Amino acid sequence: MNSIFRLVLVLTFAFFVSPGSRAAEEAAKKPAAKPKTRSLDYAGQRAAELEPDRMIVYKRVGDRELKLHVFLPEGWNASDRLPCFHIIHGGGWQGMSPHRMYPFAADFAKRYGMVAVAPEYRLYKPDKSVTVFDCVEDARSSVRYVRSHAAELGIDPDRIAVAGASAGGHLAVATAQFDSVNAESDDLSVSCEPNALVLFFPVIDTSAEGYGQAKIGERWKELSPVHHVRKGLPPTITFHGTGDTTTPFAGAKSFHEQMLAAGNRSELVIDDGGVHGYLMRQEKPYTEAVEKAAAFLAEVGIRKGE
């Protein structure tokens, strides 16, 4: 009996100090691994190093101040009548900020001599306390502010290009299309229609085949640019990738074709296989897009060519 008892003790001790048990004990003592941080893409790296020259409140909604992040060209003077590059950030209407557009704003200001403006807007909330209609109102308000304060900003009110990426592209088009969506505080005698549009992989179709229907709701068609193409819209250049599954390429293609059919000027720059946000990720596609957009704005008379 004594020998059997001793054998049980030995086996029990071996179980509790087995290599697996010791390894688990040692692992428990180690500090938890730090979560991996997502590396910034090219545009994000650029944005982290940039600061606007001015911040201007363009609208107040309740206790919220909405600001324009303004980049000025070298030698800017308030007496100038410079073209304006008005660039709106994306993020599904509910994320990001004007900082995402800082590289575009800085480049069009410093390289192309334009006053560049990146507006804040109220971000969509799932409880619908802020809707996509509110986002559209703010975008339209921001252009009205710039045009009505053109003299202070050194801007030519007849040379305003409105641009945007993803949902910001949608809001850019909204400044030209959705005439019935306006803030009560806006002076409707001031037009918010831009003189040109520059769209980077925009939300252009808010149907079930596109993006945004779930957020907008049953009134989605009221805010679907591809369903509101008409004669007289501003000259437009659109950059879109065929591999975009967030804002499908088919919408951009349809918008472009309808623009041409309506007699409007439209250019579609296609990136074969490009996914959503492709031109923000690396320097080469970003630089190429900026240069093509700048050339387009020169062709349509917004800015002077080289």
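The values are calculated or read from the model by the stated rules, or taken from the named source; none is laboratory data. These figures come from a predicted structure and were not determined experimentally. Reconstructed Cβ throughout: ideal geometry from the backbone, glycine too, with neighbour counts over all protein chains shown.
Summary table below
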| read-out | value |
| --- | --- |
| Check on GLY305, over 18 Å from ILE87 (Cα atoms), assigned to a loop (DSSP other than H, G, I, E, B) and either at pLDDT 95 or above or in the same structural domain as VAL226 (by TED's automatic domain parsing) (or both) | no |
| Filter result for the condition that a residue is among the hydroxyl-bearing types (Ser, Thr, Tyr) and either modelled with pLDDT under 95 or touching a Ser or Thr at 6+ places or on another chain (Cβ under 7 Å) (or both), over TYR58, TYR42, TYR112, TYR102 | TYR58 |
| Every residue from the stretch 223-263 that is surrounded by fewer than 21 Cβ atoms within 10 Å (Cβ to Cβ), closer than 30 Å to LYS128 by Cβ and among the small types (Gly, Ala, Ser) | ALA250, SER254 |
| So VAL190, is it in contact with a strand residue (DSSP E or B) (Cβ under 6 Å, 6 or more places away or on another chain) and at pLDDT 95 or above | no |
| Filtered residues of the stretch 210-222 (kept if touching a helix residue (DSSP H, G or I) at 6+ places or on another chain (Cβ under 7 Å) and exposed (fewer than 14 other Cβ atoms within 10 Å of the Cβ)) | LYS221 |
| Filter result for GLY212 (under 21 Å from VAL275 (Cα atoms) and either in contact with a Gly (Cβ under 6 Å, 6 or more places away or on another chain) or of a type in the set (S, T, N, Q) (or both)) | no |
| Residue check, ASP107 acidic (Asp, Glu), on the phi < 0 side of the Ramachandran plot and assigned to a helix (DSSP H, G or I) | yes |
| Selection within the stretch 169-190 - in a loop (DSSP other than H, G, I, E, B) and in contact (Cβ under 8 Å) with a residue 60 or more places away in the chain | ALA183, SER185 |
